[in-house]
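Each reported figure results from applying straightforward, stated rules to the coordinates on display, with no laboratory input. Since we're looking at a predicted model, the values are computed, not measured. A quick note on method: Cβ atoms are made from the backbone with ideal geometry, for glycine too, and the neighbour counts reach across all protein chains shown.
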Amino acid sequence: MNIHEYQAKGLLKTYGVAVPRGGVAYTPQEAETVARELGGPVWVVKSQIHAGGRGAGRFKDNPEGKGGVRVVKSIEEVGKNAGEMLNHVLVTKQTGAEGREVKRLYVEEGADIKRELYLGMLVDRATGRVTIMASTEGGMEIEEVAHNTPEKIVKVAIDPATGIQGYHTRKVAFALGLEGKQVGAAAKFLTAMYRAFTELDCAIVEINPLIVTGSGEILALDAKMAFDDNALFRHKNVAELRDVAEEDPAEVEAAKHDLNYVKLDGNIGCMVNGAGLAMGTMDIIKLYGGEPANFLDVGGGATKERVTVAFKLILSDPNVSGILVNIFGGIMRCDVIAEGVVTAAREVHLHVPLVVRLEGTNVELGKKILAESGLPILSADNLADAAEKVVKAVKEAA
């Protein structure tokens, strides 16, 4: 789960991470009020959406205008810029062409920026450890830094048995070129950041940029936090920060039914039981020249009702021009899947090619249900056969 910048800063601040003062606003008038309370002479008005690149982004109704992060020097300008941003669609490199509507802003006090650095914390799957990533190239996308100048990224893995230690923080501080009192400030910052990461079950904490001010302070000028969904039951205060308006409606609906759904850019919908099998199904679709439209794992114990919901979710994507159902019946029975597929296909008046590959428990009964349904369902003997058939059917229907 992702949260907004202002929410991330609020959480980090409770752990002792240094952040600039600021406040959230939903109207231009509220933005002006926050600015007055902060005091001047400079403020930063920031669009709050779940996407990076806001400063370099542009609004759909004014593509030649300013971006989603603006530095202003008067209360009137705060209100004016807030009005130009709120309820308008911001397009960035991460939103895609459709962009995201800005429904809230964060008004923050200006900062005297001397240096911009990058600081991130995540779980390195290769080592199984929380790892600090740091770079002197702050303000840039870390992917660009990794591609163009990988030598400018330092990684420090933290042993979970010891937690973060002084030598970890010093290594990062020296790699960032910090000196004097800044080293101690960095140690305090990193220790607080690590506590927040581990205690809140974060997936990632990213500070970009981390700034050094003219007076030598170290502040999180921006903050991104994402959390492990499986641990949210332990953090009701974090779960309450969820903004479903920033999420794909189909993914929100899927979560209500315990379905794992992720929308992709292709045109062949997939319904599979098991994450590994779902990944393999998407791979073989691409191998045969197709493009998957989604990742959808219905799980090992899905009911006919859940299968019906899953089928409807796939067809809610207007780009879907064919569907591949690939089920291995272990815990789940093939006849249950077949009944769900038939029910859903009738309810939505199926209008695209459908290929079904069933294997495992009650497979013959499942195939019989499909065959006797009277629906134009193509049956496949194996996964390769299924992928080849759905790709061919989609091309012929185009």
Taking only pairs that are 8 or more places apart or on different chains, how many Lys pairs in region 249-397 have Cα atoms under 15 angstrom apart? 6
Would you mind estimating how fast region 113-239 diffuses translationally, via Stokes-Einstein at 4 °C and 1.567 mPa s with the Kirkwood radius over Cα pairs, in µm²/s? 87
Of the lysine pairs in region 113-239, how many meet both conditions: Cα atoms under 24 Å apart, and a spacing of 8 or more in sequence or different chains? 19
Calculated from DSSP helices alone, with each H run of at least 4 adding -39500 (n - 2.57) and the total divided by the residues of the chain, [θ]222 nm to the nearest 500 comes to -11000 deg cm²/dmol
Per residue and in Å³, how big is the convex hull formed by the alpha-carbon atoms of region 247-334? 83
Between the DSSP loop rule and a limit of at most 15 other Cβ atoms within 10 Å, which GluC sites (Glu not before Pro) in region 203-252 are left? E240, E247
Using the 10 angstrom Cβ neighbour count as an exposure proxy, how do R306, R36 rank, fewest first? R36, R306
For region 1-71, take the alpha-carbon Rg, divide it by the Kirkwood Rh, and send me Rg/Rh. 0.98
Projected label distance in nm at R36 and E217, using a 7 Å step from Cα toward the beta-carbon: 2.4
Have a look at G177, V352, V102 and report the one farthest towards the positive end of the charge dipole of the chain, computed about the Cα centre with Cβ charges (Lys/Arg +1, Asp/Glu -1). G177
Fully extended, how many nm does the chain gain between H147 and E98 (0.36 nm per residue separation, minus their Cα-Cα distance)? 15.0 nm
About its Cα centre, region 21-109 carries a charge dipole, from +1 on Lys and Arg Cβ atoms and -1 on Asp and Glu Cβ atoms, whose size in debye to the nearest 20 is 280
Sort 90-96, 76-82 for me by packing, meaning the mean count of neighbouring Cβ atoms within 10 Å per residue, highest on top. 76-82, 90-96
Those GluC sites (Glu not before Pro) from region 300-398 that are DSSP loop and have at most 13 other Cβ neighbours within 10 Å turn out to be E372
Looking at the square roots a ≥ b ≥ c of the eigenvalues of the Cα gyration tensor of region 249-397, which shape do they give, rounded for a/c under 1.5, prolate if a/b is larger than b/c, or oblate? rounded
Nearest-20 debye value, the chain charge dipole, Cβ charges on Lys, Arg, Asp, Glu: 720
What is the dipole size for region 76-117, taken about its Cα centre, with +1 at each Lys and Arg Cβ and -1 at each Asp and Glu Cβ, in debye to the nearest 20? 220
For V17, V42, what's the fewest-to-most ordering of other Cβ within 10 Å of each Cβ? V42, V17
Computed over region 53-102, the ratio Rg/Rh where both radii use C-alpha atoms and Rh is Kirkwood: 0.98
Antiparallel DSSP bridges in the chain: what percent, to the nearest 5? 75
Among T136, P249, P318, whose Cα projects farthest towards the positive end of the dipole of the chain, with charges put on the beta-carbon of Lys, Arg (+1) and Asp, Glu (-1)? T136
Step by step: find N for region 21-109, compute 2.2 N^0.38 Å, then divide the Cα radius of gyration by it. What's the final number? 1.00
By counting other Cβ atoms within 10 Å of each Cβ, how are L105, L264 ranked from fewest to most? L264, L105
So what is the diffusion coefficient of region 286-372 in µm² per second by Stokes-Einstein at 4 °C and 1.567 mPa s, using a Kirkwood Rh over Cα pairs? 98
Where chymotrypsin sites (Phe, Trp or Tyr not before Pro) fall in DSSP loop in region 10-103, at most 16 other Cβ within 10 Å: Y15, Y26
